[in-house]
Every structure is written in C-alpha cells, then in structure tokens.
1. Based on what the data block shows, is THR150 within 30 Å of VAL42 (Cα to Cα) and assigned to a loop (DSSP other than H, G, I, E, B)?
2. The conditions are (1) touching a Phe, Trp or Tyr at 6+ places or on another chain (Cβ under 9 Å); (2) at positive phi, and GLY118 fails exactly one of them. Which is it?
3. Please go through the stretch 218-255 and give me each residue that is within 12 Å of the ligand (Cβ to nearest atom), surrounded by 15 or more Cβ atoms within 10 Å (Cβ to Cβ) and not in a helix (DSSP H, G or I), ordered by number.
4. Considering only residues that are more than 16 Å from the ligand (Cβ to nearest atom), under 20 Å from the mean Cα position of the chain (by Cα) and in a loop (DSSP other than H, G, I, E, B), which ones fall in the stretch 326-363?
5. Can you name the residue in the stretch 256-276 that is within 13 Å of the ligand (Cβ to nearest atom) and not in a strand (DSSP E or B) and, of all such residues, is farthest from GLN171 (Cα to Cα)?
6. Where residues in the stretch 189-212 are hydroxyl-bearing (Ser, Thr, Tyr) and buried (at least 24 other Cβ atoms within 10 Å of the Cβ), which of them is farthest from the chain's Cα centre (by Cα)?
7. Among the candidates TYR141, TYR177, single out the residue that is touching a helix residue (DSSP H, G or I) at 6+ places or on another chain (Cβ under 7 Å) and either within 16 Å of the ligand (Cβ to nearest atom) or not hydrophobic (A, V, I, L, M, F, W, C) (or both).
8. For ARG140, are the conditions met, namely being farther than 30 Å from LEU391 by Cα and in contact with a strand residue (DSSP E or B) (Cβ under 7 Å, 6 or more places away or on another chain)?
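Each reported figure results from applying straightforward, stated rules to the coordinates on display, with no laboratory input. Because the structure is predicted, anything quoted here is derived from the model rather than measured. Reconstructed Cβ throughout: ideal geometry from the backbone, glycine too, with neighbour counts over all protein chains shown.
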Amino acid sequence: MPDTSANTTSSSPETSADLVVLGAGSGGYACALRAAQLGLTVVLVEKDKLGGTCLHRGCIPTKALLQAAEVADAARDGHQFGVKSALEGIDMAGVNKYKDGVVAKMFKGLQGLVLSRGINYVEGTGRFVAPNAVDVDGQRYTGRNVVLATGSYARSLPGLEIGGRIVTSDQALNLDYLPERVVVLGGGVIGVEFASVWRSFGADVTVVEALPRLLPAEDDFCSKQLERAFRRRGIMFKTAARLTGASQSEAGVTVSLESGEQLEADLLLVAVGRGPNTAEAGYSEAGVRMERGFVLTGDRLQTNLPGVYALGDIVPGFQLAHRGFAQGIFLAEEIAGRKPSTIDEDGIPRVTYCEPQVAAVGLTEAQARQRHGEIETITYDLAGNGKSVILQTRGAIKLVRAKHGPVLGVHMVGDRVGELVGEAQLIVNWDAYPDDVAALVHAHPTQNEALGEAHLALAGKPLHAHG
Ligand code: NAI
C-alpha cells in the first residue's frame, strides 16, 4: 500500500508513492498494474471511469456495434449459404443493451484487477502541479516518478459545433435510434468503422474525406481494396472533398462541400481525428515540453522533466490502445529499473474493423521505398484461399520486403483478417525472410494459410497463385 504521510511544507494534505499515474485509460492502468506487480507503490488518478476511452467510448463498444452489424449482415445474406433468413430490423435498444453489457463486464473485471493489486485508485480531476506532484481536489499526490497518461478527445472543426444531429463517436455510440441517412466526415479509422456499422444496419451512408483516398494512413493497396468493397456494399464516399459548413434543423442536417454540393442527412458524424487531452492538465505550466498540444518524449518515453514520463495518445504516434498498453508496461519496468527494450513503433499492428477488415503491420510500400530504396512486393488474392471462399469474402494480402531482405510490411483486406495480424506481426517484428515463413506449415483450411501462400509466392515458389 502507498506510504501516506502528512506534508509539513504545504497546506494541502499529501500522499506519496513510488509512482503517480495521471489517467487510467489503457496506458495508465497498464502502467499501474505492472508497476504494482513489480513491487512499486502506485497512485492511479482518474476523473472519469477506469478503463478510459478504449473501454467506455472506443475500442470495446465500437467493436460490439460491429459485431451486431456482422450478425445483421449474416441474417440478410443467409441465402448465399442456402440458409433461409431475413433481416427483420434493428432493435437499437437491444443492440445498446448487448454493447453496454460487454462494457460493464469488462469494467467490473478491470476494477477487480486494480483493487487486487493494491493500487491506490483516486477518483477526481488531477492536475500536474510540479515535476513530482499531482493535485486532485486539493489533495496532493507526490511520486518519485509521474506518468502522464491523459489520453485524447474527439476533435471537431472550427465552426462545426457538436450537438443535436452533429455528433462525434462519443454520441454516435449511444444513439437510441437508427439514422436513415448519415454523412460521415473523415474517412479514417473511426469514419469507416461507423460507416460500416450503419450500412449493415440499413442506412444510406456517405463518407466525406479530405485526402484522396479512404484510410489515407494505410498502404494505398488497402484503400483501393476497401473502396472497391464499400462500392459493392453501397457505401458512398467522396474523397478529396472538403466541407465548407453544416447546418441542422428539426428535419435534418445539411452538409455543404467546397464543390458546391450539398448532402442531406439525419446525422453528421465528425470523425476528423483525436486531439491530446493536455490543455487543462497543467503540463505546459509546469514546464513540460510540448508541441501542438502533444507531450514530447524521448524514445524511453521520458519528458524533459526528470522522473516525468508520458504515454499513449498524448505522445505523437499511433493513437491505439495496444500501443498504450505496451508503453504502460514499458514505463513500469523502466521506473522499476528493469531496463526494458524500447518499443518499435513500426512494429505496432493496426486493425480497422469495418467490413471488410483492414489489418496491417510494418511499413507501407511508399515508406519502405523511401527508407530501403529497392524493394519487392507481392499481392495474394483471397480468391485462392479456401477458407476465404467458404466465408464468401473477397480481399487480398500484400507483402513488402527489402530487395533480398526481410519482410517489412504486411497489409491485408478481407473478412476476419484482423485475426491474421498476430502472425503478421511476428513475421515483421522478428525480421523474418519470406523463406522462413514459407517453410512453416499453415493449417488448412484457414485464412492464415493465405499468409503462408503469400510468403511462398514471395519466396519464388507460389502454390495456389496464378501468374
Ligand atoms: P484518423 O486520423 O484515422 O482519420 C481522420 C480522417 O479525417 C483523416 O483521414 C483525415 O484526412 C480526415 N479529415 C480531417 N479533416 C477533414 C476535413 N475537414 N474534411 C474531411 N476529412 C477530414 O482519425 P479518427 O478516424 O478520428 O480516429 C482517431 C484515432 O483513433 C486514430 O488515431 C485511430 O487510429 C484511433 N482509432 C483506432 C481504431 C482501431 O484501432 N480499430 C478504431 C477507432 C479509432
């Protein structure tokens, strides 16, 4: 348990510990759990709910919605498999009950875990007031080390006020009705996932993306595959399109584009990225080096202040829960003096859970070319993969390798390919050569086999591949 002592130099009561973590999202709680496991005394401060965005407003509830969407598609498409079924409709209250049940179960489990590790969990809004201190409602928590882990919020655009029919993912997750027509602003990860859910539920959906392709951060192979699939699904999208404004009334929302076009909808989802939650936490006032609201760190996640570290969405890089977990564990071990290896950001897998899924790890073709000069790529169509044909999914896998070198990137599009990213990340993170993977026997019929086949092809010995 933390060693608690009265502070003699300050008027506010004080608690001290080896580590104070500000923010109990994926990164913050992972750090606290690992630190406690390593014998450190830990204070974990959270103003909202333990588990943060991922558990309450992000990964978990959105993937529950996507699961409900998959069930809706299966009901609608039963005929493809000779099964007589039809989609009668979507009961949003039922969907929300299922989704909230999933979140509640995970929340309870996490609360039990934090309690069982003897972490001093403090509910309240924390402010970083000095390099070793966090203030929570007048109570001061000092740590030999402090980890800043305050996460991110859904951004909007200037002039676009969130409210009513104009929502971010926060409100979109809790709609008690199903919109008939939706405009999704932003064709990044959140945009395409929600577009996918609403389309599966039967809505007319239009995605408006400022850059020339959907999922612009991924390899353009993934964007092309996804755009093709979205067209087949009747999801409309406008790329290289800019919004000039949006207005709402009782009847609907009108979205105006720079082209002069106007889109009418029941709902506008704003999904233009997430900003760091740093403005009100006292960081810059206390001297933390920042840039555009993000906390700058070295590769060991240290800030410019001694004993002060940062992790997760407030540190530039992928805003992903599993990056936060990894950084949290890393920092706990670092603070405990275990000298852990630094995290290779290029090796962090990425999955977008729309239908079809998009999963990737490592470098895109463009990045690989820039860093390694000569490269080789291969694409393997899932049409050659038995399990994918059984699932009636389309898609492909693209591999990128340095010329005569290891595999640098794996990019996949298709139903369930998110589950293949585990093998893909071992390949990329262990610097495997195509021959290494080609020599491994993949179970038949699985979709993993497609990864094996793609590596056989890249190793110059394709089996079920044309050309
Ligand atoms: P994002 O950065 O993935 O996508 C935002 C998109 O909005 C970009 O494509 C951008 O070009 C576009 N955009 C920006 N301003 C625009 C404008 N004025 N008009 C039209 N388009 C505009 O951010 P997103 O989707 O909001 O997600 C936030 C973060 O959450 C991301 O880092 C994402 O990785 C993470 N996340 C991860 C998930 C996963 O791992 N499955 C699921 C959901 C979110």
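1. Answer is yes for this residue.
2. (1)
3. Matches in the stretch 218-255: GLU218, PHE237, LYS238, THR239, ALA241, LEU243, ALA246, VAL255.
4. Scanning the stretch 326-363 gives ILE343, ASP344, LEU363.
5. Across the stretch 256-276, the extreme among qualifying residues is SER259.
6. SER200
7. TYR177
8. Judged against the criteria, ARG140 is a match.
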